[in-house]
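The values are calculated or read from the model by the stated rules, or taken from the named source; none is laboratory data. Everything numeric here is computed off the predicted structure, so don't read it as measured data. Methodologically, a virtual Cβ is constructed for each residue, glycine included, from the backbone with ideal geometry; neighbour enumeration extends over all protein chains shown.
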Amino acid sequence: MIVRIPADAMVVLVGPSGSGKSTFASRHFLPTQVLSSDAMRALVADDANDQTATDAAFELLHSALAMRLTRRRLTVVDATSVEGWARQHLLAVARRLGRPAAAIVFNLPLATCLERNAARADRRLPPAAIRRQHARMRASLEGLAAEGFEPLVVLSSPDEADAVVVEQVSA
């Protein structure tokens with residue numbers, strides 16, 4: 001599957017922990033193009049797992065997003081973004097700056113996310129947290145098309161995610 005992304009777009013990766021968002025981002029985008037909520041937590045608290053740093057991390061992420069989009073730089077948001085309010089904050093930044101917004105949804109089976117999480121050595125979340133994230137993502141699938149993402153790509157298996165080719169296209 002070929003996914004065409006405008007070269008000045010915001011790309012939101014949506015999915016629970018363990019769904020493959022960060023791996024996908026590292027395969028298809030430059031490190032400078034990816035704003036990771038985990039990396040932002042590490043920047044503000046020296047620990048990507050420190051949930052007490054989440055508010056500050058997202059303040060930093062939103063600021064960096066606005067700066068990059070102002071410069072018309074492709075910017076990928078690597079966070080769960082499984083709740084509508086979180087996506088609305090991101091969309092508001094892109095709309096305010098007149099930039100396109102794309103979303104790639106990792107609608108992988110819960111069992112896959114839990115298995116991948118259990119295999120992590122560095123950042124393992126409680127299984128209940130992943131179940132909640134997965135349920136919230138699934139609940140928002142129906143309404144995602146109306147939120148304003150274009151393109152909106154839903155990947156439903158690891159093989160499907162692995163087969164994606166991302167093309168950045170000039171506006």
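Worth pointing out:
- Residue match in segment 12-24 (condition: surrounded by 20 or more Cβ atoms within 10 Å (Cβ to Cβ), of a type in the set (A, V, I, L, M, F, W, C), modelled with pLDDT of 95 or more and part of a helix (DSSP H, G or I)): yes
- Any hit, segment 67-79, residues being surrounded by fewer than 18 Cβ atoms within 10 Å (Cβ to Cβ) and closer than 18 Å to L125 by Cβ: no
- Unmet requirement for R95, which otherwise passes all of (1) under 27 Å from V165 (Cβ atoms); (2) more than 10 Å from the chain's Cα centre (by Cα); (3) of a type in the set (K, R); (4) modelled with pLDDT of 95 or more: (1)
Rundown of residues vs (1) under 16 Å from V12 (Cα atoms); (2) in a helix (DSSP H, G or I); (3) at pLDDT 95 or above, yes/no style:
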| residue | (1), (2), (3) |
| --- | --- |
| R116 | no, yes, no |
| L125 | no, no, no |
| R131 | no, yes, yes |
| L141 | yes, yes, no |
| V153 | yes, no, yes |
| Q168 | yes, no, no |
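- So T80, is it assigned to a loop (DSSP other than H, G, I, E, B) and out of contact with any strand residue (DSSP E or B) (no Cβ under 7 Å at 6 or more places or on another chain): yes
Residue by residue, here is whether (1) without any contact (Cβ under 8 Å) to a residue 40 or more places away in the chain; (2) surrounded by 15 or more Cβ atoms within 10 Å (Cβ to Cβ); (3) under 18 Å from the mean Cα position of the chain (by Cα) holds:
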position: R116; (1), (2), (3): no, yes, yes
position: R120; (1), (2), (3): no, no, no
position: H134; (1), (2), (3): no, yes, yes
position: S156; (1), (2), (3): no, no, yes
